[in-house]
Every structure is written in C-alpha cells, then in structure tokens.
Amino acid sequence: MTRKKWMMLGCTVLLTIVVIAAVIIAVMRVRAPEETPVQIESSTDSPPVRQITATDERGEPVTEADDPVPDYPVVPLEVEPVDPEDTLMLVEAEDAAFTGELVVDSNQPGFSGAGYLAGFALRAGDSVEATFDIPAAQHYDITVSVAAASPVTNALLLNGEEIGQFTIEEFDHFVRVTISGVYLPEGPAVLSVGEIDGDFLLDYFEIADYREMYEMEYREVYPLCDKEASEGAKALMKLLGEHYGKRTITGQYCAGESNTEIELIRHLTGKSPAIRFGDLEGYTTNSNADEGDVIAASADWAARGGIVGLMWHWDAPTGVSTVYAEDADFSLLDAMPAVTDSQLPEAQMPMQTIEEDLEEETGEASTQEDDEPGMGAGETQMEALAQSTPAVPEEQYEVDVAMLTDEEIQALVSRGAITSDCAAILRDIDSIAEALQPLADADIPVLWRPLHEAGGDWFWWGSAGPQAYRWLWRVMYVRMTQYHGLHNLIWVWNGQSQDYLVDADMYDIAALDIYLPADKPFGSRYEQYVSLSRMTGGEKLLALSECSTVPDVNLMFRDNCIWSFFGLWYGEYLIDGEGKYSEAYTPADTMIALYNSEAVVTLGDLTGETEEPAAPEEPADPEGETAETIGDSTDAAPEETAAQSESPTES
C-alpha cells in the first residue's frame, strides 16, 4: 500500500472517530423535560403511553445536532394606547364632494339637511367623498343613511378601501346602516360609497365613538360545566383562565398521528404550538378515514407537556360513510325519538347566524369568502350559514336514550320504541367514548369539540335544524360524562349560530371557525368576537377553533378581543405540494413574529424548556405511573392594553 493510501486511510479513521464522538456528545446534551409546577398524576394502572419522537429517513432518532431549530428574540407587543373620546360628526351628502351626474334631490321624505344625493346608476365618473378630521385614534361606528325602492347591495369605502358591504332591504324610507368598531387613526379620513348595484339614495355620512369593545372583561375563573370534572380538567381550565385576556395560546391541527405540521412550525419559528389538535373521524364505526393512532399521539403530546385538543368529524352512523348532509342517506330527524306532543311547535323566531347577528348590529354583511364544504365557489359565509330552519323551544321526548344500557337499547329497538338509526347514534358515541377512555384513565384533559359548525347545512348533524342538534348535543354530553364517566373533557361549542346554542351548563368554551381568502389579512376579527360575546352573555371563554391564517396579536390587544386560543388548519393553509412551508395564507415572517411574540403561549412556555428535540426515551412501563403536565401558568404576561365554517373540504 502506498504512503498516500496509508494517509488517506488514517484520515478516514480519524474522521470517523470525530463524528462518533460528536454524536455521543450531542445525545448527552439532550435533556428530558424537568418537572413543572402544575402536574396531573394518573392512576397506577394507566395504559402505556407510546412515545413518538422525531426520526430521520432511516427511522433513527434525530438529535439536537442533527435537528437544529432557529432561535429568535422575543417580539414585544406594538400597541398604541387608546383613550376614547366622545365623538359625533356628520357630513350631509349634498355637502360632500360629488362628481358626475349625481344630483341633489328632495322628493323622498325623511331626509336630513337640505336634501340627499340621487342618480347612482353605475356610471363612470360618478363619485361622492366626505372628508372627516378624526380627533383621536380609537374605534368608531361608521354610518350611512340610505334608501332604495328595491333590494340593492353597495359598499362603504374608507380612504378608498372597502370596509364592508350593505344591502338595503327596507324600502321607501331612509335607513341607517352602521359598521361598528372601525379603528381610525387621528387625522383625515375619507368616506365614500362603492357602487355594486347602485340605484339608491344617499342622505349622509356619520362617524361616532364606539365603546363596546373597551368594556369587554376577562375573568380568571370560569367554572366547568361538568360538576365531577377531573383534577386534570380543572387544572387546564385554570390555566386557560389565567392566560385569558393576557396571552393567546397557540394551536395547530395535525392531519394524522404524525406531528408533521408541528415540526414544520418548529423548524420555521423555533417554537412549537402549545395545543395539538387532532380528529377522531377514523374511530367512527361507519368511517373509512384512517388518521392513524390519534389517541396515542395525543397522549404523547400530553407527556411532552402540551395541551390536547380533539374534534370529531362524525361520519353518518348508517348508510353512506360521509359527514356531508347532501351525500348522506342518514336522517337525524328520522333517528330521533318521537316528541311527546308528536309535532314540532311553531317557529318562535327566525334562525339567526352569527354573521346575521353582526349585520343586524352593525349593518355589515359578511363578505368573507369561505371554502367551507357544501359552499359553492364565491359563496359567502353569510349566505351559506343563513338557513330557514326555525328556532324552537326544547321539547320532551318519549324516550330519554342518553343513559340506556346496550340491552335496554336493543329491547327498545325490538319494540319499535326507537329506531335502529337511533341505536347507531348511541353506538358511535360509545365507540368514541371507548377511544377517549385511555386519556381519561391517565387524567389527560382534552379540549373536546364535537358537532362543529352546526349553523351551516353542510354536516348532517346541523342540517336537521336547531332542535335536532340540541337533542344530539345533550345525548352526547350526558352519555359521555355520566354514563361513560369521561370527566376529563372540556366541552367546546362551535355551532356558529345563536339558534344552535346549547344550554350553558353543557359547554365550557364558545368558539368560531373563520376562514378568509388567502390575500385577506386575518386581523383580530373583533366583529365576530363581539358578536360571540353577546351570544354567550360574556360568561364563557371565547376561542378561534379553526382558522385559515393566524390572528394579529397586536390588533387583538388594540381591539381588546383576545381569543383564548387559536387552531390553524392543516393542508394548504400551512404546507405546499412539496411538503414545505406554504406562504399562501401566512407569510413566513408573520408566523415567526407570532410564535415569538410575548403575547402568545407556546409549548416551551408550558414546560419551561427551550425548543429542543425530544430525547429518545425507554418505552413506558405498563405497570408504572405516568405524570402528565399541562404547563406552568406563572410566566409573566405582556402588559395589558387599555384598548380594546367549517374548514376546507378536508375539514
């Protein structure tokens, strides 16, 4: 062997030794999470918890040296203090700057001032602008007084940008259309009208101070509806209450048992979400879905110190396996026990969605295009949620099925007292309760969100109407908590409509799913926050259960609408076709700034640890005791500011 070959061999051996030493040192540096102040002890007979760790393409554990994550500085809140001033300013349309063929008229009675503007007919060159001198940076109500002879829709513009559309549905007199809570900086502001249909009369523009959002209150204590709630559930609810109004808790949906979405966020931002959301659709008896072992993945996340959130896309109990009403041949109305009076009562009031409630209060119809299942291209959330099903009082049913045993259920089916489809509903609830049991045995608390987006007609549990939905919610709640003893659940109601609101003693958190077009910033969504707060009487924590992009924490604090937590949906909202981070809905800089903001809670905040890869651990001892951590709530919160519909087709 030549001298050169001997030298090459020596270098190779030396390099191998150095690499092995580096790997050993890196593995030794990885620390297991330290015990944190808030702990939940499980019973000694808890089932084994499977540990899911990051691995490379060969399936080998990934160490810190192999799996670096960025380290960003803390991003402080940037919120200007708001000191509201009493304000009322009005510009008559005839005194505004108008051009084209618009004319001042006075034939329509009920106008203010010397007349009103007429002649809006979609002509090029027609325009009207009213300039205001805003006295203070704060939130305002912006109002226009308009009239029309038939239904027409037009838009209100602020400094040339549309801030909302309005539809005139009362005729032959002037009506006030108000968009509430618009933040305006001090200085000039120009209001104008963008014609969509035209054919209306314009009387005046008005700007007045808006105070409601400044009056929003956040309590630290929100009692759980389950009077037998586990210690784990109580500890988690305590944690949520302590952060509510001070910090928003980060959350991310995972498409299956893997943490692909979470790892993507960690490698981008250096932080992991505090809440891991999963879906139990695959545990449904009549389901073809296969998301893997979501329960084991949830247990692993809790073992790492995270919060577990679970939802349930409930495939129809019988017939075609689908969640969508238009595809299902299962009928909830046919499955329900008979009402004692045998007929449903007359409607007491028209059904009203949260978007309709907002429009009634502010005059603003929702213009957010949504990719909800069952919605046509370009259909608005308002149009999709508006149903004609009436709201009706709670009724008594001939059979209360919530606490029946299997034998009692079959006996009633045999007698014809209940249908086989009703029995299938109970079977599915029992199946999901069985899946959740290991988490209950380990006292791992769960943010439990079943029967979501009922206010729309796309899911079978909502399309049957409010009364059927409330019956189903009650059956599920009673059967899971009382019959199966699942006291680790924190119930999240996500019905998206006031008429689908269930009894306050059967849910803990009210939440909304909000999806916006990719090019529309999320902002704070203060309009929906205020509407949901009104709906629940201010007695519940409010959360963003699903969203297409992350909220703006600076605007949340400015607008005083601080959602308890958010859950970003998976798929195109986070990942592109190559499995990389997608900026289609959330720019990378925005995601990095959010996860490093002082105003959010991440996994590291719960555990007190920096974001490092989890060290490989020995398999859990089936006979041993497992402690699950839900986090330390002692972290300092950012200084409070004085200011104040489903998802995509996969969801």
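Tabulated data for the structure shown
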item	result
Percentage of interatomic Cα-Cα distances in the stretch 414-476 larger than 14 Å	68 percent
Unit charges at the beta carbon, dipole of the stretch 268-345: most positive-side option, Ser298, Thr285, Ala316	Ser298
For the stretch 73-191, alpha-carbon Rg relative to the globular expectation (2.2 N^0.38 Å, N residues)	1.24
Separation of the Gln410 and Asp576 label points, Cα + 7 Å toward Cβ, nm	5.7 nm
Using a Förster distance of 41 Å, the FRET efficiency for Ala114-Asp519 (Cβ separation, nearest 0.05)	0.45
Distance between modelled label sites at Ile196 and Asp589, nm, 7 Å Cα→Cβ extension	3.2 nm
Ranked order, Asp279, Asp400 - accessible area, probe 1.4 Å, largest first	Asp400, Asp279
All-pairs Cα distance distribution in the stretch 460-562, expressed in whole percent, bin size 5 Å	2, 11, 20, 20, 19, 13, 9, 5, 1, 0
Extension gain (nm, one decimal) between Val103 and Asp505, 0.36 nm per residue minus Cα-Cα	139.0 nm
Descending semi-axes in whole angstrom, ellipsoid equivalent of the stretch 474-524, from the Cα gyration tensor	30, 12, 9
Amide H partners (placed H, <5 Å) of Val75, local residues excluded	Ser597, Glu598
Computed label-point distance, nm, for sites Glu85 and Arg534 using a 7 Å Cα→Cβ extension	2.8 nm
Violating pairs (Cα-Cα greater than 22 angstrom) within the set Lys246/Lys580; Lys227/Lys540; Lys520/Lys540; Lys234/Lys540; Lys246/Lys540	Lys246/Lys580; Lys520/Lys540
With all protein chains modelled, accessible area of Asp519 [1.4 Å, Å²]	140 Å²
Ranked order, Arg219, Arg276 - accessible area, probe 1.4 Å, largest first	Arg219, Arg276
5 Å binning of all Cα-Cα separations within the stretch 551-603, expressed as whole percents from 0 upward	4, 17, 25, 25, 17, 8, 3, 1
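The values are calculated or read from the model by the stated rules, or taken from the named source; none is laboratory data. Everything numeric here is computed off the predicted structure, so don't read it as measured data. Positions of Cβ are generated from backbone atoms using ideal geometry, with glycine treated the same way; all protein chains shown enter the neighbour counts. Ligands, DNA and RNA are stripped out before the accessible areas are found, and what is left, the full protein with its side chains, is counted by its heavy atoms. Shrake-Rupley method; radii C 1.70, N 1.55, O 1.52, S 1.80 Å.
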